[in-house]
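The values are calculated or read from the model by the stated rules, or taken from the named source; none is laboratory data. All of these numbers come straight from a predicted model, not from anything done at the bench. Cβ atoms come from the backbone with ideal geometry, glycine included; neighbour counts cover every protein chain shown. Quick note on the areas: whole protein, heavy atoms, side chains included, nothing else; ligands and nucleic acids left out. Shrake-Rupley method; radii C 1.70, N 1.55, O 1.52, S 1.80 Å.
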Amino acid sequence: MDLRSIGFLQSASAIANLVLFVNATSGAAVIPEPPRSPGNEVTVSLFASEPDIVTPIGATVDAHGRLLVVESQSHFRPKNYQGPPTDRIRLLEDITQCGHADRIRTFYEGTNTFMNLATSGVDGSIVVSSRNEIFRLSDMDGSGVAGDRVTLATLQTTADYPHNGLHGLTVDSAGNVYFAIGENRGTFWKLVGADGATLSDDTGCGAIFQVDARGHGLKRYARGLWNTFGLGFDPAGNLWAVDNDPDGRPPSRLLQVVPGGDYGYEYRYGRTGMHPLQAWDGELPGTLGMVSGVGEGPCAVQWHRDVLLVSSWRDHQIEAHAPTLRGASFVTSMRPLLVGGERFRPVAIAFASDKTMYLTDWGSASYAINGIGRVWKVTFNTNPPAQAAVLTSDATSGAARLRDSLDVAELTAALDDADPAISQAAQYGLARLTGAEKIDWNTLRSPRQRIALLACLLLRGTDLRPYVDAALKNPDDRVRQMAVRVVAEQGIVEAKDTIDEMLRSQPMSPRLLGMAIATRNQLNGDRSARIDSAKMQSVLLARINAPGATDQSRAVAMRMLQAGHARVPLSQVEPMLRSPHLPLQLEAASYLADDTDPSRLQILADLAADEKMDPAVRAEAVAGLSDDAAGRIDLLLKWATGDDAILRAEALRSLRTAAAALTAAQRDRLTSAGAAAHPSEADLATRLLGGPAPARPQESDLAGWEKVLDARPGDPAAGRRIFFHHAGPACYRCHVIESRGRAVGPDLTMIGGSRTRGQVLESILDPSREIAPLYSLWTITTQSGERIDGILLRREGQAVEVYVDASGREFKVPESKIVDRKLRQESLMPSGLAQGLTDQEFRDLLAFLLEKR
């Protein structure tokens, strides 16, 4: 449920949230406004609310028709929180048929970090997931009090973050239990079934598991997930999941989960999802993509009335996804079923036998338990669809048959199917057979077959060293990508020389380039999520200068070379500025703007003055001169008062750092030019000279800002320069876009793919609105009296805490030297950012952020 936006979003305190809902005089709870139904499909009423039920999450309707709800009392529990000492499962009943819960009892308590509930249709028992355990409760006599407690699976790990362990949960028609594990911060875990069967992992690769009704036969059903809070079956037996998104790779995703499916994510390659060895939508060979994107913070997926209902915690809505078959898989169309306000935070969806729907609602943006919560009762106003959704076809039947096939020839041929779902089914079928290793690589007739065979053997855990050399030398780029994946997954150090040769000589796609460099890094012992360490300079330079390297791959390599980490001699950069490939020119100019070599400034000045160059490249050079604006005032003034609008804006921006050095004559010149300029440039000149800014809306006036920004279109290219400009808002100091910047806060590369302009705008205007605990700002006071502000990155052992500050600097603090630790109520991202931008700068910055990359 981790939430991200442009800034570091800070949750309000539990006390402040509670005040919003409680009448200070009487102490009586105020009835909250229900979510609305855009299509008037449903009627919503309040079934229960605080103080009777607080911070509810998982829910199910039991065999007796009663609603059971997990009431969290331990999730980021504040120090002075007044409430039960452990989590509870509450039983809610409408005894008098009055429309709301008039009897609420505790069904079970005594354990913490409960996550979810599911009712078995076989024996009526209740299956429960907590962070470290899956267990079963019975209430065979209907007394309303849990009877026997039976453990089905136990997670052994040192990690203790509340909701990235065991969570998502469902039971199939045969009584088999399916549950998920999250990324677990990449910490080693061992999962033990009731029969002693074990599985383990240390990559942070979220997965879905299956056990039978007794907890026996533990197996990994699928992998490559982040935090899968919701699982559910449709009537045809298809398993569906909603997977929350990592920081940089939205949207969250709706997945059709198939046996042996690999969905591409591993935490060991970084939290953001942007590492070359991570996939989020089937970008890597051997991985499966999503069926659809869903709203942020998805918590549940349930089938009802021929649609998949998904709860989105962050987007305050219940989405209805109608599936349509496409080959052996699906696509969906979405409509909102329910939309609420800021405080509508839906989590679980449960259905009674009469098709009444119940929704649990956390009720607040705060992650901490807070004494708030409600359960909504939803009834449908319309008749069910006359025609049932089509969930099976010849293709889906064919995929199911392949999974059970014993025919190696049939399975090998099916590896070449253009439908990824069919090919994956054949992979899974082969992985079950002992004859898979006997398939002759040289007899495979297509790249798809070779990729699928490697994926199949990787799933089996086969030692793939005999295949790697031939696969790395294959002429097909995607086959080589799969080979590099294999090398990274299995740590095949013998392949390092072949990868080095590939990096030196073979033409390759930008994706393969990134994968190869990251894998070489890993083989050299550097398992960090970032791939821009100084030791990679020689690899990247070799790629940049390789005879067969394209300008496109050179541009990607330059972007990966963060200035100050891996360095490129200026003599290597200058020829790139003359390349006919505009992206390479831009990356070279951007690199010079970020570099620290004083000699670069004259190169930038010459580049900016070259009228034969593309205006975007010249503008990048002008932006880079902001580091020496005081020494180049006359040159910048020439462009600031010239005829080129792009150069005028960048020169005015760069002159901000030299405002104090301007003479009276120079100020008069700017004043005259500003008066005759376009309003957006006049605003820049006025601000540069210390004049008053125009009247602006308050940060809380979202509609007012929308009106201001709608007046003119934004320019993404200008926004790119503003984002990285040393004299701009300095977004790059805390955020990365396309490998450039500092990863203090969320990677924003993919922000335009999941967030609306209004959501991004709101995050800039109010950066302290809400925050995932990962980005909470702390003030640390040490024994020496030093006060340090930063975000907790990690703990090294039990003795040292590692923080990062707003500049991206990491610092270590021994726990023994900390005398006080306070959670701040504001974001590390400063407020008032919008007031420091002109209207046009704000438009341009938003346009850049919202680009589809």
Counting only residues that are under 29 Å from the mean Cα position of the chain (by Cα) and modelled with pLDDT under 80, segment 490-536 contains a total of 15
Report yes if some residue within segment 7-28 is over 32 Å from the mean Cα position of the chain (by Cα) and either among the acidic types (Asp, Glu) or at pLDDT 50 or above (or both); otherwise report no. no
Scanning segment 632-671 residue by residue, those touching a residue at least 24 places away in the same chain (Cβ under 8 Å), surrounded by fewer than 20 Cβ atoms within 10 Å (Cβ to Cβ) and among the hydroxyl-bearing types (Ser, Thr, Tyr) turn out to be 641, 657
Residues satisfying the stated conditions in segment 725-742, i.e. surrounded by fewer than 22 Cβ atoms within 10 Å (Cβ to Cβ) and of a type in the set (A, V, I, L, M, F, W, C): 727, 730
Enumerated strands (runs of 3 or more DSSP E) restricted to segment 123-194, each holding at least 1 residues that are closer than 22 Å to residue 264 by Cβ: 166-171, 177-181, 189-193
Regarding segment 157-173, can at least one residue be identified that is of a type in the set (S, T, N, Q), in contact with a Phe, Trp or Tyr (Cβ under 7 Å, 6 or more places away or on another chain), open to solvent by less than 10 Å² (accessible area, probe 1.4 Å) and under 21 Å from residue 72 (Cα atoms)? no
From the set of residues in segment 250-285 that are in contact with a Leu (Cβ under 7 Å, 6 or more places away or on another chain) and in a loop (DSSP other than H, G, I, E, B), which is nearest to residue 202 (Cα to Cα)? 265
Being crowded, with 19+ Cβ neighbours inside 10 Å, at pLDDT 95 or above and within 25 Å of residue 94 (Cα to Cα) is true for just one of 307, 347. Which residue is that? 347
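Here is a yes/no grid of residues against (1) touching a Lys or Arg at 6+ places or on another chain (Cβ under 7 Å); (2) closer than 24 Å to residue 516 by Cα; (3) open to solvent by less than 20 Å² (accessible area, probe 1.4 Å):
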residue	(1), (2), (3)
231	no, no, yes
236	no, no, no
243	yes, no, yes
246	yes, yes, yes
251	no, no, no
264	no, yes, yes
274	yes, yes, no
281	no, yes, no
Criterion first (surrounded by 22 or more Cβ atoms within 10 Å (Cβ to Cβ) and in a loop (DSSP other than H, G, I, E, B)) does residue 101 satisfy it? yes
Filter segment 306-335 for residues that are farther than 22 Å from residue 56 by Cα and touching an Asp or Glu at 6+ places or on another chain (Cβ under 6 Å) and give the result. 327, 328, 334
In segment 679-705, what residues are in a loop (DSSP other than H, G, I, E, B), open to solvent by 70 Å² or more (accessible area, probe 1.4 Å) and closer than 24 Å to residue 757 by Cβ? 695, 698, 700
Search segment 195-213 for residues being outside any strand (DSSP E or B) and of a type in the set (A, V, I, L, M, F, W, C), and hand back the single one that is surrounded by the most Cβ atoms within 10 Å (Cβ to Cβ). 205
When residue 474 is run through (1) open to solvent by 30 Å² or more (accessible area, probe 1.4 Å); (2) more than 22 Å from residue 406 (Cβ to Cβ), the failure sits at (1)
